[in-house]
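Read the structure below first, then the notes.
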Amino acid sequence: MINNDSTEPRPDFISIRNFSFFYGKKQALFDISMDIPERQVTAFIGPSGCGKSTLLRNLNRMNDLIDDIHHEGDIVIHNKSIYDPHIEVISLRKRVGMVFQKSNPFPKSIYENVVYPLRVAGQNKKSILDETVERSLKGAALWDEAKDRLHESALSLSGGQMQRLCIARAIANRPEILLMDEPCSALDPIATVKVEELIRELKEEFTIVIVTHNMQQATRCSDRTAFFYLGKLIELDDTQKLFSNPASKQTEDYITGRFG
Amino acid sequence: MPEKLPEHATGKNRFQTAPATLFMDRFMTLVIKAGGALVITSVLGIFFFIFFQIWPLFAPASVTAAKSIQLPDNHYSIIGIDEWGSLPFLMEPDGKLLTADFETGKIQEIPIDFAETPQPRFTAATLNKREQEIMLGTNDGRFFLVSPNFSSSESDGRQLITINPRAASPESIGIPTQPILSIAYGDSGTQKLVVAIQPDGEGRRISASLYKRKRSLLGAGKTSLEATFDLTSLISGTPTRILVPGTADSLIVTTSDGRVHFLVLGGDNNGFSVIQTFAPFDHLENPSIAAATFLFGDVSIIFGSESGENCIFSLYYPEGGDKRLYGLTHEFAELGATPHFIASTLRNKAFLIGGGNKLSLRYSTTDSIRWQQSLPFNPVNAVISGKYQRMAILDSSNKLHFFEIHDPHADSGWNALFGKVWYEGVSSPKWEWQSTGGSDDFEPKYSLIPLIFGTFKGTLYAMIFAVPIALLAALYTSQFLDPGSRSMIKPVMEIMASLPSVVLGFLAAIYIAPLIENEVPSLLLVAAGLPVIAASTGFVWSHLPIQFRKFIPAGREWIVFLPILFASGYVLWGLGPAFEAIAFSVTDPTSRERIGDFPAWWPAATGTTYDQRNSLVVGFMMGFAVIPIIFTITEDALSNVPKSLRIGSMACGASRWQTALRIVLPTASAGIFSALMIGLGRAVGETMIVVMATGNTPIMEWNIFSGMRTLSANIAVELPEAPHHSTLYRTLFLGAMVLFLLTFAVNTVAEVLRQRLREKFKTV
């Protein structure tokens, strides 16, 4: 798929190089190498336990929070290794936003949820925060529903609204990359449609990596799809091509529903 | 066609529940219900039990009419009673005693042998209740001392009281030929002071005689006249009444214009001098004094005015004064009639005041009216038995009425327990707790306020010490420490929570208190220095380049911190004496050198006391008891914050500290609040540590270097000294009730706040 933006998107914006990952002695990822292009949606699909979420969480080093882990190989974003000891993991996470499978709004107001990334970065200027809230909520297609209740608890929102709030929060500080870990798995179909539309809009600005179990969703909103199986990258291609004409037998079996 | 299914898969009874299951279900429901009801019933039962134990403290006196005996028509000058209250005696003008037996109603006239013919004529009489002696003044300036000589014997299982009055040989006083109008005396055992008023031409003369008793090894020695005094010139106005206290070294003269003169023996001329003149009813239209008598203890005087006002003046050192003077200490409601008499008891600070048809039983210390009634007769004189159980009242038609008093807690009530009370001998009303004293006329002081204060003080110092440490430790353990170390710390802290408080108290009293006593400056340095050093170490660490930091995995920073903290703690402790020499130096009274001595410096600098067993020790040790509780519950609350929130915060680029502070703490606030409240409850109710480490002084000052007494410690300390159903016994129950209500209130408020916090910070 060709992107006609004025600035040239980099095809290897995120570059994963011979990456293996271990939980203790158990190896979860095996020698994965792939490039993720800028301002496109890349979907990770595969059966449960195939390592797609693990790989996603390595992109912003969320796995660091787990005990007894180690990795081999490297992940390079924008020509810089994320494991470079000079890089603070906090600043990496500021560049790489994340939306989780289960929406996790903080027990604060809608407003405070959205501006949280700015607050922790030390931004407390009201005008900037107000602008951010409006832009982010609009970006997450929640503005119309939430604009009159910004100071109500985020927990008063419905499930789909909460997930869009989490997306608004993730994009509030305008990260370069947005990671989405099965963002629609807990949502009803109508909310899912809204989030998918949102993903298509967001890719104009962000490089998106989405993990999904839903192959229709991958076809609907991703540009490229990677299929993982048992911790290995089996196939990576344009979404249309992968779903219509998979190169690997395993991919074909999976997408046609023979296993998974 | 499906294959044939077995019977159990098709039979009707596959839809049935086993009877045993149903029975168990119903039975357990019942057991649980019964258990719940039992718990509520027992809590209520305890509550009601305590309530009924403390109720009599607030109950008024119960006074019931028992019997009336008509006496022969006569003028009875004094009325007295034996200590059992069954044989009152009255003095007839011709020198005979009339007794009226309470049990039998028998009236008996008992002559007294004055060994003189003709029988002397008596013009004045006074009864000394404390000595149980009657003094009779004659018309020719002499006085006889008569002892009623009660004796008690048992006959037919009944107590039989007999009286056998004996008169001592007469002594002269004042002008030999003049009749004695009024006489009073006091006897301290070593000296006796007799004072009499006689007419002298137009005016009246006041004479005093001082007798000294020389004690010998063979018993009470001879009493001999030491000196006589003519006090007339010292008193301006017409003297009407004399009161002499049991100390026999001073006297009170009231005059017809309502003034009171306080004369004291001694000084340079070895005579009497007027120390003070005051008029208790100066503010009234008619300031004259209708009745006056000493309260039990002879330190306070009860006055009644013509218009029925009633007040008490007591001896005390006025603020800044060096002499004990009389001052107004208690005021009572008007009687509603001119008081005819005031009768005090020998048991407590109660007194009976009567006039018109009114009779009122009052308690001086607590300013309270125990009992008051309008009677169908007019009382003119009365006496209360020595045990404060019965009173005999003579009315204007010479009928003697007996009343039974049931007032076991006369000295109690709201005022005594919670109000400021003006006890005898002190210069202002105070909240005071002192349940026992050395002498019989000691008045127990039962104010719970110092104990409530002590409870708050102990709790406050314990919480000041425990809360920051416990909360920060829990925050660090749950949010920053690596899981390996965390799994060690938690059980260790829980073991600490199970340490018996008696062990902590023992340690505090035997080891910590003496240690702290001499090392306060070191302690202060460590307490002030360690947080600063910890914070700056953390600051430096977080600003170190990542190359240095990467050697210590996140969560194991304590490997660097602990040695630094221990080393600096050791150094700071060692610097203590030097710090003491600089900051807390006093001049040594013997060597005149400046030396560092904190225990001496503190009282000199602040004017407060420095005790070895002080609030610092208690705060420290009780903190130790409270820290594990707060820590464990807080740690649980923090760890129970959904991981998704922490991860969500981290994913937003927040640091561990930002996540802990902005997300984890607010979300866990309800649990943390519970932890604080449970810790507070523990501190409030903690007993053994306080008993052993505070000195148990019921004082009211926030000074950290003085002790305290808490409600719980008070119960533990006083319990062995509280006789069953005594005022102290019931007051201890009241202390328990206050403690119960205190914790109940704290818990209720805490629960309401906790629910609100939980509502506010509930998660998905």
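Here is the figure for region B:704-735: residues that are assigned to a loop (DSSP other than H, G, I, E, B) and farther than 13 Å from B:Phe456 by Cα total 7.
A quick yes/no check of all residues on (1) assigned to a strand (DSSP E or B); (2) over 22 Å from A:Gln40 (Cβ atoms); (3) in contact (Cβ under 8 Å) with a residue 40 or more places away in the chain; (4) within 14 Å of chain B (Cβ to nearest Cβ):
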{"site": "A:Gly160", "(1), (2), (3), (4)": "no, yes, no, yes"}
{"site": "A:Leu187", "(1), (2), (3), (4)": "no, yes, no, yes"}
{"site": "A:Thr192", "(1), (2), (3), (4)": "no, no, no, no"}
{"site": "A:Glu196", "(1), (2), (3), (4)": "no, no, no, no"}
{"site": "A:Glu201", "(1), (2), (3), (4)": "no, no, yes, no"}
{"site": "A:Ile208", "(1), (2), (3), (4)": "yes, no, yes, no"}
{"site": "A:Ala247", "(1), (2), (3), (4)": "no, no, no, no"}
{"site": "A:Thr251", "(1), (2), (3), (4)": "no, no, no, no"}
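Read through the list (1) more than 11 Å from chain B (Cβ to nearest Cβ); (2) more than 30 Å from A:Gln216 (Cβ to Cβ), then give the number of the only condition that A:Arg174 fails. Unmet for A:Arg174, out of (1) more than 11 Å from chain B (Cβ to nearest Cβ); (2) more than 30 Å from A:Gln216 (Cβ to Cβ): (2). Screening region A:20-138 for strands (runs of 3 or more DSSP E) wholly inside it with 1 or more residues that are within 14 Å of chain B (Cβ to nearest Cβ) and either farther than 24 Å from B:Ser655 by Cα or not aromatic (Phe, Trp, Tyr) (or both) returns the ranges A:69-77, A:96-99. Taking every residue in region B:405-429 that is in contact (Cβ under 8 Å) with a residue 24 or more places away in the chain and aromatic (Phe, Trp, Tyr) and pairing it with any residue that is part of a loop (DSSP other than H, G, I, E, B) and surrounded by fewer than 22 Cβ atoms within 10 Å (Cβ to Cβ), at least 6 positions away or on another chain, the pairs with Cβ-Cβ distances below 6 Å are B:Trp422/B:Pro429.
Answer yes or no: is there a residue in region B:508-517 that is charged (D, E, K, R), surrounded by 11 or more Cβ atoms within 10 Å (Cβ to Cβ), in a helix (DSSP H, G or I) and away from chain A (no Cβ under 14 Å).
Yes, region B:508-517 has at least one match.
Filtering region B:168-176 for residues that are in contact with a Leu (Cβ under 8 Å, 6 or more places away or on another chain) and under 19 Å from B:Pro120 (Cβ atoms) leaves a non-empty set. For A:Thr212, are the conditions met, namely being among the hydroxyl-bearing types (Ser, Thr, Tyr) and over 20 Å from B:Ile647 (Cβ atoms)? No, not satisfied. Kindly indicate the residue of region B:650-661 that is facing chain A (nearest Cβ under 7 Å) and not in a loop (DSSP other than H, G, I, E, B) and also surrounded by the fewest Cβ atoms within 10 Å (Cβ to Cβ) among those meeting that condition. Checking each candidate, the answer is B:Gln658. Looking only at region B:58-70, decide whether some residue is within 26 Å of B:Val244 (Cβ to Cβ), surrounded by 13 or more Cβ atoms within 10 Å (Cβ to Cβ) and among the hydrophobic types (A, V, I, L, M, F, W, C). No, every residue in region B:58-70 fails to be within 26 Å of B:Val244 (Cβ to Cβ), surrounded by 13 or more Cβ atoms within 10 Å (Cβ to Cβ) and among the hydrophobic types (A, V, I, L, M, F, W, C). Within region B:662-694, being crowded, with 20+ Cβ neighbours inside 10 Å, more than 14 Å from every other protein chain (Cβ to nearest Cβ) and outside any helix (DSSP H, G or I) holds for B:Glu686, B:Thr694. Inspection of region B:180-190 identifies at least one residue that is over 22 Å from B:Thr238 (Cβ atoms) and β-branched (Val, Ile, Thr). Looking only at residues in region B:412-442 that are closer than 25 Å to B:His724 by Cα and in contact with an Asp or Glu (Cβ under 7 Å, 6 or more places away or on another chain), the one that is surrounded by the fewest Cβ atoms within 10 Å (Cβ to Cβ) is B:Thr436. Listed by position, the helices (runs of 4 or more DSSP H) contained in region B:531-649 that have at least 3 residues being farther than 26 Å from A:Arg93 by Cβ and without any contact (Cβ under 8 Å) to a residue 24 or more places away in the chain are B:558-583, B:598-606. Among the residues here, B:Tyr461 qualifies as in a helix (DSSP H, G or I), of a type in the set (Ser, Thr, Tyr) and buried (at least 20 other Cβ atoms within 10 Å of the Cβ). For A:Ile16, the stated conditions hold: it is farther than 14 Å from A:Asp181 by Cβ, crowded, with 21+ Cβ neighbours inside 10 Å, among the β-branched types (Val, Ile, Thr) and away from chain B (no Cβ under 14 Å).
Scanning for something aromatic (Phe, Trp, Tyr) and either buried (at least 20 other Cβ atoms within 10 Å of the Cβ) or within 14 Å of chain A (Cβ to nearest Cβ) (or both), does region B:608-616 turn up at least one residue? Scanning region B:608-616 turns up no residue that is aromatic (Phe, Trp, Tyr) and either buried (at least 20 other Cβ atoms within 10 Å of the Cβ) or within 14 Å of chain A (Cβ to nearest Cβ) (or both).
Is it the case, given these coordinates, that B:Gly141 is of a type in the set (Gly, Ala, Ser) and touching a residue at least 40 places away in the same chain (Cβ under 8 Å)?
yes
Readers should treat all values here as calculations from the given coordinates under stated rules, not as data from a laboratory. Because the structure is predicted, anything quoted here is derived from the model rather than measured. Note: ideal-geometry Cβ built from the backbone for every residue, glycine included; neighbour counts use all protein chains shown.
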